[in-house]
1. Looking at this structure, is residue 61 open to solvent by 10 Å² or more (accessible area, probe 1.4 Å) and under 18 Å from residue 145 (Cβ atoms)?
2. Somewhere in the stretch 15-33, is a residue modelled with pLDDT of 65 or more, under 17 Å from the mean Cα position of the chain (by Cα) and within 21 Å of residue 91 (Cβ to Cβ)?
3. Give just the number: which of (1) of a type outside the set (Ser, Thr, Tyr); (2) modelled with pLDDT of 95 or more; (3) closer than 17 Å to residue 175 by Cα does residue 55 not satisfy?
4. If residue 108 satisfies all but one of (1) among the aliphatic types (A, V, I, L, M); (2) farther than 23 Å from residue 42 by Cα; (3) under 18 Å from the mean Cα position of the chain (by Cα), what's the number of the condition it fails?
5. How many residues does the stretch 117-169 hold that are among the basic types (Lys, Arg) and either closer than 23 Å to residue 184 by Cβ or touching a strand residue (DSSP E or B) at 6+ places or on another chain (Cβ under 7 Å) (or both)?
6. For a quick check of your reading: which helices (runs of 4 or more DSSP H) sit entirely within the stretch 78-196 and have at least 3 residues that are within 22 Å of residue 60 (Cβ to Cβ) and open to solvent by 40 Å² or more (accessible area, probe 1.4 Å)?
7. Out of (1) among the aromatic types (Phe, Trp, Tyr); (2) under 12 Å from the mean Cα position of the chain (by Cα); (3) open to solvent by less than 70 Å² (accessible area, probe 1.4 Å), the odd one out for residue 37 is which?
Amino acid sequence: MGDLMAKKQDFQADKTHSGLLGKLYITKKQWFAILKWALIGAVLLLMSVLQDVVLCRFRLLGATTDLIPCAIILICIMEGTENGSVFALVASLIYQFSGSAPGMYAMVFITLLAVIAAIFRQSYLQKGFGAAFFCTACALLLYEGLLYLAGLFFGFTYPQRIIGFLITGGLTLISIPLLYPLVLFIGSIGGSIWNE
């Protein structure tokens, strides 16, 4: 009887977990990654609201800002080519389907320019504000120029409207120093991607 009692105490039934989350094992690093990308999504949502609700009311010679492409390009540059290129593609696709993008070509322009700028920054420049500002500014001005050319090609704009595209690029460049500390802080969650 004593042996039977000891055997019953050795055997313990498996714990039952309720729900799907109870069955998943998510490491601390994975939780940090989830938090980081959720915060980046919140930043893009904030940029979308600012651009489409608030700043669209204030125009300078018919021009306003392009905060969402600027944020996508800056985040791609700061995340590096591996994570940044996937992010740029997904974020520009969401930007396109949100209805805020000027056309399907904007998705291609943002993704290509962001990836090229990230490759250039990672290959030739040290990580820092100056390099991020330079690469983001160049990619953003090229993006505005390509939008202008696409608008001319499809008949959406006229040649004299180039001043508006240049003003839009200039106004958007002002947001880079404001976005950089926020993106840098969010990017540091969970550690850096690579050591330079």
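The values are calculated or read from the model by the stated rules, or taken from the named source; none is laboratory data. Note that the structure is predicted; figures quoted are calculated from it, not measured. Cβ sites come from the backbone with ideal geometry, for glycine too, and all protein chains shown count toward neighbours. Quick note on the areas: whole protein, heavy atoms, side chains included, nothing else; ligands and nucleic acids left out. Shrake-Rupley method; radii C 1.70, N 1.55, O 1.52, S 1.80 Å.
1. yes
2. Yes; the residues of the stretch 15-33 include at least one that is modelled with pLDDT of 65 or more, under 17 Å from the mean Cα position of the chain (by Cα) and within 21 Å of residue 91 (Cβ to Cβ).
3. Of the numbered conditions (1) of a type outside the set (Ser, Thr, Tyr); (2) modelled with pLDDT of 95 or more; (3) closer than 17 Å to residue 175 by Cα, the odd one out for residue 55 is (2).
4. (2)
5. Here the count works out to 2.
6. Ranges flagged: 129-154, 162-173.
7. That leaves (3) as the condition not met.
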